[in-house]
1. Express in nm, to one decimal, how much length is gained between D121 and L48 on full extension, taking 0.36 nm for each residue of separation and deducting their alpha carbon distance.
2. In square angstrom, rounded to the nearest 10, how much accessible surface does S190 have for a 1.4 Å probe?
3. Give a residue-ordered list of calculated ³J(HN,Hα) values for the range 165-182 (Karplus: 6.51 cos²θ - 1.76 cosθ + 1.60, θ = phi - 60°; whole Hz; x for Gly, Pro).
4. Rounded to the nearest 500, what is the 222 nm mean residue ellipticity of the chain from helices alone, with -39500 (n - 2.57) per DSSP H run of 4+ residues and division by all residues?
5. Residues with beta-carbon under 14 Å from that of A120, excluding A120: net charge, scoring Lys, Arg +1 and Asp, Glu -1?
6. Run the accessible area of the range 130-181 with a 1.4 Å probe and give the carbon-and-sulfur part as a rounded percent.
7. Mean separation of Cα pairs under 8 Å and 6+ residues apart, divided by the residue count of the range 1-150: what relative contact order is that in percent?
8. Under the Karplus relation 6.51 cos²θ - 1.76 cosθ + 1.60, θ = phi - 60°, what is the ordered set of whole-Hz ³J(HN,Hα) values for the range 68-78, x standing for Gly and Pro?
Amino acid sequence: MSKVHVFNHPLIQHKLSIMRDKNTGTKEFRELLDEISMLMVYEVTRDLPTEEIEVETPITLTKSRTLSGLPIGVIPILRAGLGMVGGIMNLVPNAKIGHIGLYRDPETLQPVEYYCKLPADAEQRLLLVLDPMLATGGSASAAIRFLKQRGCNHIRLVNLIAAPEGVKRIEEDHPDVDIYVAAMDEKLNSHGYIVPGLGDAGDRLFGTK
Ligand code: PRP
Ligand code: URA
């Protein structure tokens, strides 16, 4: 069963409240998503394995620890996932980035794929799938399915806001994938938008509405 990690860090909650406000403009929205994504990396990577190495400091030779597990891949779901890439890359600068293009058909709410370009060694990486919104879960579930079809099996999902419906969908479709989310919201409305949510993440991020 997927583990769901909900962050209740005061800084994240404070910044998210500003993002939710409908009067927050595109520039501030983008900056806040970047900052929250960076803060989230801390928890998402908390259990990564390390190994002991020897380091010569200016003072002495010592034992110290370094990351030893799979290298990381960052997979934003276009468009809105792009807004999380910069913050994550600040902390894992050697990660490779793959892109999955999906949009949700407004009538059927089903995900439609239009782009996929992954690092050549994606299946040998720990992949962090990024999307600010986990609503019905259809887009994230499809993205994870594409990754698994290409041989990737070490996957974590990172969202800003999730609806219970989306979490349930991922737990059912991909019980091996843990979910990291800054806030769990109440429900979906009849148009598939998260309530209270923050509206359309892509439009608010890129100023397209
Ligand atoms: C939004 C969001 C997710 C998806 C969530 O993208 O960024 O990808 O909807 O909904 P779901 O969980 O019900 O699938 P959208 O389809 O609006 O595309 P965009 O990012 O290009 O605006
Ligand atoms: N996509 C969004 O951008 N926002 C929602 O609330 C649901 C899907």
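1. Values: separation 73, 0.36 × 73 = 26.28 nm, distance 1.91 nm.
Difference between extended and current length: 24.4 nm.
2. 110
3. 4, x, 4, 4, 4, 5, 4, 6, 7, 9, x, 7, 9, 7, 10, 10, 9, 6
4. Details: 6 runs with 65 residues, N = 209.
So the helix-based figure for the chain works out to -9500 deg cm²/dmol.
5. Working: positive: K96, K117, R125, R150; negative: D121, E123.
Every neighbour counted, the sum reads +2.
6. 46
7. Details: 202 pairs, mean separation 29.3, N = 150.
This gives 20 percent for the range 1-150.
8. Residue by residue, the range 68-78 yields 10, x, 5, x, 9, x, 10, 10, x, 8, 5 Hz.
The values are calculated or read from the model by the stated rules, or taken from the named source; none is laboratory data. Quantities reported herein were computed from a predicted structural model and do not represent experimental measurements. Note that each Cβ is placed from the backbone with ideal geometry, even for glycine, and that neighbours are counted across all protein chains shown. For the accessible areas, the whole protein counts, side chains as well, though only heavy atoms, and no ligand, DNA or RNA atoms are used. Shrake-Rupley method; radii C 1.70, N 1.55, O 1.52, S 1.80 Å.
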